[in-house]
Amino acid sequence: MRAHLIQFPTYVDVRGTLTVAQHEVPFEVSRAFWIYDVPCGEKRGQHSLKTCHQVLVALRGRLDVIVDGVRYHLCSPQYGLHVEPMAWRVMENFSSDAICLVLASEFYDAEDYVWDYGEYKSLRLQQE
């Protein structure tokens, strides 16, 4: 499986809630970005990455991430979805208030992206 959920340690007291991402992220984070204000019905992702690992976290609201045909529903900042390289991902069903944090193992490199699903399938076959 090219994706799995990670549960982050969470601490609750009268002052509020604190969630920590530390040893649970299985790579060194080189880049962070967040996705928000996604219009109703729009999709994000629709690509694969050749070498970059990512962890996606719904900091607010909810969204679905489909990785190689498996749907994950993200709706809590206490969980992240680790998406490994060479996994096709589609992000959809964003709530109007959704904020998705993405932690990435690599700096942005346009050459790392595979946007064509047919090319992705061909590359996956070569790996097997």
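Bear in mind that the values in this text are calculations on the coordinates, not laboratory data. Here the structure is a predicted model, which means the values were calculated and not measured. Reconstructed Cβ throughout: ideal geometry from the backbone, glycine too, with neighbour counts over all protein chains shown.
Across the chain, the longest run free of exposed loop sites, meaning chymotrypsin sites (Phe, Trp or Tyr not before Pro) lying outside DSSP classes H, G, I, E and B with no more than 16 other Cβ atoms within 10 Å, spans 28-106. Here region 28-128 is treated as a sphere whose radius is the Kirkwood value from Cα pairs; by Stokes-Einstein at 10 °C and 1.306 mPa s it diffuses with a coefficient of 115 µm²/s.
For the pair W115 and V20, the difference between a 0.36 nm per residue extended length and the Cα-Cα distance amounts to 31.0 nm. Here, P(r) means the percent of Cα pairs in each 5 Å bin from 0 to the largest distance; for region 1-41 it is 5, 13, 15, 19, 20, 17, 9, 2. Computed about its Cα centre, the charge dipole of the chain is approximately 320 debye, with only Lys, Arg, Asp and Glu carrying charge at their Cβ.
Take the Cα of Y36, go 7 Å toward its beta carbon, and the backbone nitrogen atoms of region 47-84 under 12 Å from that spot belong to 59-61.
Grab the beta carbon distance between R60 and Q126, set R0 = 35 Å, and tell me the FRET efficiency rounded to 0.05.
FRET efficiency, R60 to Q126: 0.35.
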